[in-house]
Amino acid sequence: MNKRSTTWRQLEDDVKNTLDAASAVEVMLANPTLIKRPVLDLGDSRKLGFKDSDYASYF
């Protein structure tokens, strides 16, 4: 969940405060910009989001 996005800030507080796994999926399907990108699949683990220093250590 990308909690830094403008979309997140525009969500009503009751939606943000009552998220569970099922409702988070529904909210992300309704607002795809809330899905944190990129998703990096390293085989045995997955990393979400991008930080230059983190990516440098992965490779």
Which of the residues belonging to the range 38-50 are surrounded by 11 or more Cβ atoms within 10 Å (Cβ to Cβ) and not small (Gly, Ala, Ser)? Leu40, Lys47, Leu48, Phe50
When you scan the range 12-45, how many residues do you find that are under 27 Å from Tyr55 (Cβ atoms), not β-branched (Val, Ile, Thr) and not in a loop (DSSP other than H, G, I, E, B)? 6
Please verify whether Arg9 is of a type in the set (Lys, Arg) and part of a loop (DSSP other than H, G, I, E, B), treating the condition exactly as stated. no
Quick one: what pairs do we get from the range 18-41, first residue touching a residue at least 40 places away in the same chain (Cβ under 8 Å), second of a type outside the set (Val, Ile, Thr) and in a loop (DSSP other than H, G, I, E, B), C-beta under 9 Å, 6+ apart or different chains? none
Within the range 46-58, restricting attention to residues that are touching a residue at least 12 places away in the same chain (Cβ under 8 Å) and in a loop (DSSP other than H, G, I, E, B), which residue is farthest from Glu12 (Cα to Cα)? Phe50
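Each value in this text was obtained by applying a stated rule to the coordinates, not by laboratory testing. Worth saying up front: this structure is predicted, and the values here are computed from it rather than measured. Note: ideal-geometry Cβ built from the backbone for every residue, glycine included; neighbour counts use all protein chains shown.
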